[in-house]
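The values are calculated or read from the model by the stated rules, or taken from the named source; none is laboratory data. What you see is a predicted model; the values in this text were computed from it and never measured. For neighbour counting, all protein chains shown are included, and Cβ atoms are generated from backbone atoms with ideal geometry for every residue, glycine included. Areas reflect the complete protein model, heavy atoms only, side chains present, ligands, DNA and RNA absent. Shrake-Rupley method; radii C 1.70, N 1.55, O 1.52, S 1.80 Å.
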Amino acid sequence: MKKIFLFAAAFTFSLAVMAQPKADDVVKFNVEKYDFGKIKVGTPVTYSFEIKNIGTTPIVVENSWASCGCTTTEKIVDPIMPGSTAQLKVQYNAAAVSPFTKDVYVQFTGIAQPKTVQITGEVLSAEAYDQWVKDKGAKTKE
């Protein structure tokens, strides 16, 4: 009898977990990975991900955060109505010279797993960036 009860409980729990919606079922991002390209050290860059509600009920962004303190997000306060869009503004501080890939997480109310999008790019020293711009300009003139 205990085995039957345990099996039934496990089955019910697994159905409940599978029934939870996923972020991709209710929202669509304009891009899931944005590349800033080459940027100059100390020059913060910003990109706004567009979030579209493809569901039938309003969506609330509970929270948004990044994988490190060098990246910040601007909170979306208003619900996203069905068929409407909202902008998730993400800023990278470009304080360290190096290539970067940062994850940005968006938690929606009623959805267990946050949606993950990425920003990438390469931060160059001021001298290297100026040289890159100069070389790029020379190539376009030819």
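Worth pointing out:
- Highlighted here are the strands (runs of 3 or more DSSP E) found entirely within the stretch 3-79 that include at least 1 residues which are over 18 Å from the mean Cα position of the chain (by Cα) and either modelled with pLDDT of 90 or more or aromatic (Phe, Trp, Tyr) (or both): 33-40.
- Inter-residue pairs, beta-carbon under 8 Å, first farther than 24 Å from Ile76 by Cβ and in the stretch 89-104, second of a type in the set (Asp, Glu) and surrounded by 14 or more Cβ atoms within 10 Å (Cβ to Cβ), 6+ apart: Ser98/Glu122; Pro99/Glu122
- The stretch 61-99: number of residues that are on the phi < 0 side of the Ramachandran plot, among the aliphatic types (A, V, I, L, M) and open to solvent by less than 60 Å² (accessible area, probe 1.4 Å): 8
- Criterion violated by Asp103 - all others in (1) open to solvent by less than 50 Å² (accessible area, probe 1.4 Å); (2) part of a strand (DSSP E or B); (3) within 28 Å of Asp130 (Cβ to Cβ) satisfied: (3)
- Take the conditions (1) within 29 Å of Pro21 (Cβ to Cβ); (2) at pLDDT below 95; (3) touching a strand residue (DSSP E or B) at 6+ places or on another chain (Cβ under 9 Å); (4) open to solvent by 40 Å² or more (accessible area, probe 1.4 Å); Ala112 misses just one of them, which is (3).
- Some residue of the stretch 85-99 being at pLDDT below 95 and under 11 Å from the mean Cα position of the chain (by Cα): no
- Scope the stretch 80-100; condition assigned to a loop (DSSP other than H, G, I, E, B) and among the small types (Gly, Ala, Ser); matching residues: Gly83, Ser84, Ala94, Ala95, Ala96
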